[in-house]
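J.: One structure, pasted below without further comment.
The values are calculated or read from the model by the stated rules, or taken from the named source; none is laboratory data. Every value quoted in this text rests on a predicted model; they were computed, and no experiment measured them. Neighbour counts run over all protein chains shown; Cβ positions are idealised from the backbone, glycine included. Please note that ligands, DNA and RNA were not included when accessible areas were found on the heavy atoms of the full protein model with its side chains. Shrake-Rupley method; radii C 1.70, N 1.55, O 1.52, S 1.80 Å.
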Amino acid sequence: MLYCNEIGGQEIEVRHEIAEMFKCDKFSGQVIRRTRLRVWFIRVCFCILIWTILVQLVTVGGLWHPHLLTPVSNHRNQSNLLSIEEKVVQSPPPLLPARNYTSNGFLKVSCNGGLNQMRAAICDMVTVARLLNLTLIVPELDKTSFWADHSNFEDIFDERHFIHSLRDEVRIVKRLPKKFMKTYGYKLLEMAPVSWSSEKYYLQQILPLFEKHKLIHFKKTDARLANNMISLDLQKLRCRVNFQALRFTPQIEDLGNKLVHILRGGGPFIALHLRYEMDMLAFSGCTHGCTEEEADKLKRLRYAFPRWREKYIVSEERRLLGQCPLTPEEAALVLVALDIGKKTQIYIASGEIYGSERRLDQLRTSFPRIVRKETLLAPEDLQQFRNHSSQMAALDFIVSITSSVFIPTYNGNMAKIVEGHRRYHGFKKTLQLNRRKIVELIDLHKNKTLSWDEFSAALKSTHERKVGEPSIRKVKKNKPKEEEYFYANPHECLCGKSMCINLSHTGNRTVNYL
């Protein structure tokens, strides 16, 4: 600041280089005010200049971060800066350039089945679109199955992430161009590709149809691509879609992670996928442990669904062949025989158990710490997901892939897809139950042919090498339905991992199931 003083009537110099031009007198007040205004004006101009330069740097370089102007005055500020930098490092990588290709047409697909059956189908359809150089329409989900879930793709999966994360492989669009609409007179070709088909089938029989029609609607998509004898790059694409591109919505992910956090707070936990639900029992014809009234209800339901082709089923014959899901009572015997501790948390990953809570009595007696999403979460947490079975199944899926051990009582689509994810995430333990052997041992124990110790020892021996360890996928030539499912063991995508060292089944070991 400019200033002047008078001491003993003598003039003194203003203590600033600019003020040397002026001498203090009785009129110096006016000079000082004018000088102050000039200095203020210069400072304002200087600040504007600096601000303009900073804005230009931000606009041109895109390098702006709030912490750039945050003074690092103490340890707390340093910690804040570190956390910001960590978030920047963990941010997703930039999108890969979109693949440039001439599209041979548009592929519209309507997935059929439950959540995990549709998930595998979506992976296959992306792969087919890549093979044939097609543009894929975001898949339609099944709304007419037993579950009657009206969820769209974007209600379950992160649609934006799905489209953009695969842009270097295949072009995916949300909707068809208007010229393909029925209102414009376009006649859509609808078909279901042959199940378990190879690349040759799609290249030789399906691609010429696109050259003619430009748009084809695949009405059914389950198991339309073979498990084996597919080129390595396409197999890896199937994995990429499954493990990376198909991400649940933030709402589902957040609630699923909340469930996992609650469970982990109580120690290690087993996710028991009890596929003892009404639709499964009606479809398979399995009624072991049901009352006559319950069995009759299942039979009537089976006959009511035309798409369930097999109608006359002998339940006990099917059970002895190992083709029925274990009952809750059988599952309880298995867990106790495998020396699972009584205090172990058991998360029931399933819909409503057929026969209600009474069917869980034996399981609950053996393992009092049985929990479900409905018991761990507040009603308002689940409100938006109720009446949407696929969204509820997605929550069970998240818990199942993160559990200490995953035990499915039936080898259905969820069991297979979860097993594949657990292999992908470091070969986490998945107990692959031999149901045919289990029911044989249970019946022998119940008729007193086997003592409890003999029953337990036989059960442990049967599952000694059945915990989802690294292995080559089993192939059965000309029997694709009987061979090991690709999504349960996509070994082509796992063998680059450090834990995928020995892919043989040789050797014995003692297994700790928890």
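J.: Could you figure out which of (1) within 19 Å of Gly113 (Cα to Cα); (2) in a loop (DSSP other than H, G, I, E, B); (3) touching a residue at least 40 places away in the same chain (Cβ under 8 Å) isn't true of His217?
T.: (2)
J.: Scan region 201-250 for residues that are of a type in the set (Phe, Trp, Tyr) and more than 23 Å from Ile398 (Cα to Cα) and jot them down.
T.: Of everything in region 201-250, those that are of a type in the set (Phe, Trp, Tyr) and more than 23 Å from Ile398 (Cα to Cα) turn out to be Tyr201, Tyr202, Phe210, Phe218.
J.: Sticking with this one: Working carefully through the options Glu292, Glu316, find the one that is surrounded by fewer than 17 Cβ atoms within 10 Å (Cβ to Cβ), of a type in the set (Asp, Glu) and in contact (Cβ under 8 Å) with a residue 24 or more places away in the chain.
T.: The match here is Glu316.
J.: If only one of Ile370, Ile340 is of a type in the set (Val, Ile, Thr) and within 26 Å of the chain's Cα centre (by Cα), which one is it?
T.: Only one candidate passes the filter, namely Ile370.
J.: Among the residues of region 483-506 satisfying the criterion of being open to solvent by 80 Å² or more (accessible area, probe 1.4 Å) and closer than 17 Å to Glu419 by Cβ, which is modelled with the highest pLDDT?
T.: The qualifying residue modelled with the highest pLDDT is Met499.
J.: Scan (1) open to solvent by less than 50 Å² (accessible area, probe 1.4 Å); (2) aliphatic (A, V, I, L, M); (3) over 27 Å from Tyr485 (Cα atoms); (4) at pLDDT 95 or above for the single condition Leu176 breaks and write down its number.
T.: In the conditions (1) open to solvent by less than 50 Å² (accessible area, probe 1.4 Å); (2) aliphatic (A, V, I, L, M); (3) over 27 Å from Tyr485 (Cα atoms); (4) at pLDDT 95 or above, Leu176 misses (4) alone.
J.: Looking at region 282-289, is at least one residue part of a helix (DSSP H, G or I) and under 22 Å from the mean Cα position of the chain (by Cα)?
T.: Checked region 282-289: no residue is part of a helix (DSSP H, G or I) and under 22 Å from the mean Cα position of the chain (by Cα).
J.: Something else about it: Test each condition in (1) in contact with a Lys or Arg (Cβ under 6 Å, 6 or more places away or on another chain); (2) outside any loop (DSSP other than H, G, I, E, B); (3) not β-branched (Val, Ile, Thr) for Pro193 and report the one that comes out false.
T.: Here Pro193 meets the rest and fails (2).
J.: If you don't mind, another one. Return a yes/no flag: does region 362-380 have any residue that is touching a residue at least 24 places away in the same chain (Cβ under 8 Å), closer than 30 Å to Cys111 by Cβ, open to solvent by 10 Å² or more (accessible area, probe 1.4 Å) and touching a Phe, Trp or Tyr at 6+ places or on another chain (Cβ under 8 Å).
T.: yes
J.: Go through (1) modelled with pLDDT of 95 or more; (2) in a loop (DSSP other than H, G, I, E, B); (3) closer than 23 Å to Ile353 by Cβ; (4) not aliphatic (A, V, I, L, M) one by one and return the number of the condition Lys428 breaks.
T.: Against the list (1) modelled with pLDDT of 95 or more; (2) in a loop (DSSP other than H, G, I, E, B); (3) closer than 23 Å to Ile353 by Cβ; (4) not aliphatic (A, V, I, L, M), Lys428 comes up short only on (3).
J.: Okay, moving on. Looking at (1) over 23 Å from Gln251 (Cβ atoms); (2) among the hydroxyl-bearing types (Ser, Thr, Tyr); (3) surrounded by fewer than 23 Cβ atoms within 10 Å (Cβ to Cβ), which is the only condition Thr409 fails?
T.: (3)
J.: Of the conditions (1) open to solvent by less than 30 Å² (accessible area, probe 1.4 Å); (2) in contact with a helix residue (DSSP H, G or I) (Cβ under 9 Å, 6 or more places away or on another chain), Ala304 clears all except one; give me its number.
T.: Among (1) open to solvent by less than 30 Å² (accessible area, probe 1.4 Å); (2) in contact with a helix residue (DSSP H, G or I) (Cβ under 9 Å, 6 or more places away or on another chain), the lone unmet condition for Ala304 is (1).
J.: Sticking with this structure for a sec: If Ser231 meets every condition in (1) open to solvent by less than 80 Å² (accessible area, probe 1.4 Å); (2) more than 18 Å from Val109 (Cα to Cα); (3) touching a residue at least 60 places away in the same chain (Cβ under 8 Å) apart from one, which number is that one?
T.: Failing condition for Ser231: (3).
J.: In addition: Please indicate, with yes or no, whether at least one residue in region 145-160 is in contact with a Ser or Thr (Cβ under 7 Å, 6 or more places away or on another chain), farther than 23 Å from Glu253 by Cα and at pLDDT 95 or above.
T.: Checked region 145-160: no residue is in contact with a Ser or Thr (Cβ under 7 Å, 6 or more places away or on another chain), farther than 23 Å from Glu253 by Cα and at pLDDT 95 or above.
J.: Another question, then. Does any residue of region 190-202 turn out to be more than 27 Å from Lys143 (Cβ to Cβ) and of a type outside the set (Ser, Thr, Tyr)?
T.: yes
J.: Going by the structure shown, is Arg465 surrounded by 14 or more Cβ atoms within 10 Å (Cβ to Cβ) and modelled with pLDDT of 95 or more?
T.: Taking the combined requirement at face value, the residue does not satisfy it.
J.: Output the residues belonging to region 264-277 that are touching a helix residue (DSSP H, G or I) at 6+ places or on another chain (Cβ under 7 Å) and either outside any loop (DSSP other than H, G, I, E, B) or of a type in the set (Phe, Trp, Tyr) (or both).
T.: Phe269, Ala271, Leu272, His273, Tyr276
J.: Still on this structure, please answer the following. Look through region 127-179, keep the residues that are of a type in the set (Val, Ile, Thr), within 22 Å of the chain's Cα centre (by Cα) and assigned to a loop (DSSP other than H, G, I, E, B), and return whichever of them is nearest to Ala98 (Cα to Cα).
T.: Filtering region 127-179 for residues that are of a type in the set (Val, Ile, Thr), within 22 Å of the chain's Cα centre (by Cα) and assigned to a loop (DSSP other than H, G, I, E, B), the one nearest to Ala98 (Cα to Cα) comes out as Val170.
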